[in-house]
Amino acid sequence: SDLPAELRGPLAAVSDQTLPVASFPYGTQICEVEVDAETGAVEIVGYAAVDDVGRAVNPMIVHGQTHGGIAQGVGQALLEHSHYDPATGQLLAASFMDYAMPRADTFPELKTALSEVPSPTNRLGVRSGGEGGTTPALAAVINAIVDALAELGVHHIEMPATPERVWRAIQTARAGCRGPNPGG
């Protein structure tokens with residue numbers, strides 16, 4: 001090595017910094033679903049989201065982040081589930097044959113809008129943008145399903161809301177059972 005002896009060895013650093021007030025994004029999402037009560041199949045027929053990301057430096061990229069986040073949230077809410085063998089701990093959903101993810105044809109047109117209220121906590125006036133799609137999507141989808149099935153007596157659905165889980169929740173509600181977890 002050509003480094004002087006005093007520069008050789010492990011790197012180490014110590015820092016102390018006071019962070020300014022955090023900048024939180026705001027937003028809302030609405031999901032409209034149709035549920036086939038005979039099969040438990042769920043179809044998303046409408047989806048809208050508004051995100052306040054502060055100043056959107058590149059609105060097209062922010063919309064793309066929102067769309068991708070919604071897709072992640074919908075995947076978690078409806079499809080994605082990791083199964084493990086209880087005896088061996090082996091992952092049973094180890095390929096795309098076994099681990100379902102949403103496809104483009106899963107979605108209607110996603111209607112997204114940006115509300116640009118600059119954040120007062122940083123010079124650029126920006127807030128984070130990617131999380132605004134993912135985080136509320138789970139609640140928007142599951143609440144839409146429960147709302148669609150409320151007249152049948154369904155009050156809860158476990159994620160992922162697969163057709164089988166939705167169908168079982170409907171059957172449990174029809175049988176008049178209201179346990180703590182009718183959708184699981």
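The values are calculated or read from the model by the stated rules, or taken from the named source; none is laboratory data. Just so we're clear, the structure is a prediction, and the values are computed from it rather than from any experiment. Here Cβ is always computed from backbone atoms with ideal geometry, including for glycine, and neighbour counts include all displayed protein chains.
Determine, yes or no, whether His67 is surrounded by fewer than 19 Cβ atoms within 10 Å (Cβ to Cβ), of a type outside the set (D, E, K, R), under 19 Å from the mean Cα position of the chain (by Cα) and not in a loop (DSSP other than H, G, I, E, B).
Details: surrounded by fewer than 19 Cβ atoms within 10 Å (Cβ to Cβ): yes; of a type outside the set (D, E, K, R): yes; under 19 Å from the mean Cα position of the chain (by Cα): yes; not in a loop (DSSP other than H, G, I, E, B): yes.
Considered against the rule, which asks whether it is surrounded by fewer than 19 Cβ atoms within 10 Å (Cβ to Cβ), of a type outside the set (D, E, K, R), under 19 Å from the mean Cα position of the chain (by Cα) and not in a loop (DSSP other than H, G, I, E, B), His67 comes out as yes.
If I ask for residues that are of a type in the set (D, E, K, R) and at pLDDT below 90, which ones from region 100-115 would you list?
At the first step, the residues of region 100-115 found to be of a type in the set (D, E, K, R) are 103, 105, 109, 111.
Arg103, Asp105 - these are the residues of region 100-115 that are of a type in the set (D, E, K, R) and at pLDDT below 90.
Every residue, every condition in (1) over 26 Å from Gly40 (Cα atoms); (2) touching a Ser or Thr at 6+ places or on another chain (Cβ under 7 Å); (3) in contact (Cβ under 8 Å) with a residue 12 or more places away in the chain, yes or no:
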residue: Gly54; (1), (2), (3): yes, yes, yes
residue: Gly64; (1), (2), (3): yes, no, no
residue: Gln72; (1), (2), (3): no, yes, yes
residue: Gly75; (1), (2), (3): no, no, yes
residue: Gln90; (1), (2), (3): yes, no, no
residue: Ser95; (1), (2), (3): no, no, no
residue: Asp98; (1), (2), (3): no, no, yes
residue: Pro102; (1), (2), (3): no, no, yes
residue: Leu110; (1), (2), (3): no, no, yes
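Looking only at residues in region 7-55 that are outside any strand (DSSP E or B) and modelled with pLDDT of 90 or more, which one is farthest from Val74 (Cα to Cα)? Break it down stepwise before answering.
Of region 7-55, the ones outside any strand (DSSP E or B) are 7-25, 36-41, 53, 55.
Retained after the next criterion (residues that are modelled with pLDDT of 90 or more): 36-41, 53, 55.
Numbers: Asp36: 18, Ala37: 20, Glu38: 22, Thr39: 19, Gly40: 16, Ala41: 14, Val53: 21, Arg55: 26 Å.
For region 7-55, the residue satisfying everything is Arg55.
Select from region 135-166 the residues that are farther than 17 Å from His81 by Cα, in contact (Cβ under 8 Å) with a residue 40 or more places away in the chain and hydrophobic (A, V, I, L, M, F, W, C) and write down the one among them that is surrounded by the fewest Cβ atoms within 10 Å (Cβ to Cβ).
Looking at residues that are farther than 17 Å from His81 by Cα, in contact (Cβ under 8 Å) with a residue 40 or more places away in the chain and hydrophobic (A, V, I, L, M, F, W, C), I get Leu152.
Tell me, which residue of region 94-108 that is assigned to a loop (DSSP other than H, G, I, E, B) and under 17 Å from the mean Cα position of the chain (by Cα) is surrounded by the most Cβ atoms within 10 Å (Cβ to Cβ)? I'd like the intermediate steps shown before the answer.
Just the residues of region 94-108 that are assigned to a loop (DSSP other than H, G, I, E, B), to begin with: 94-103, 107-108.
Right, trim to under 17 Å from the mean Cα position of the chain (by Cα) and you get 99-103, 107-108.
Values: Tyr99: 16, Ala100: 16, Met101: 14, Pro102: 19, Arg103: 10, Phe107: 14, Pro108: 13.
Among those that are assigned to a loop (DSSP other than H, G, I, E, B) and under 17 Å from the mean Cα position of the chain (by Cα), it is Pro102.
Return the only residue of Pro10, Pro20 being exposed (fewer than 13 other Cβ atoms within 10 Å of the Cβ), over 30 Å from Ala113 (Cβ atoms) and of a type outside the set (Ser, Thr, Tyr). Full working, then the answer.
Values: Pro20 fails: over 30 Å from Ala113 (Cβ atoms).
Within the list Pro10, Pro20, the selection yields Pro10.
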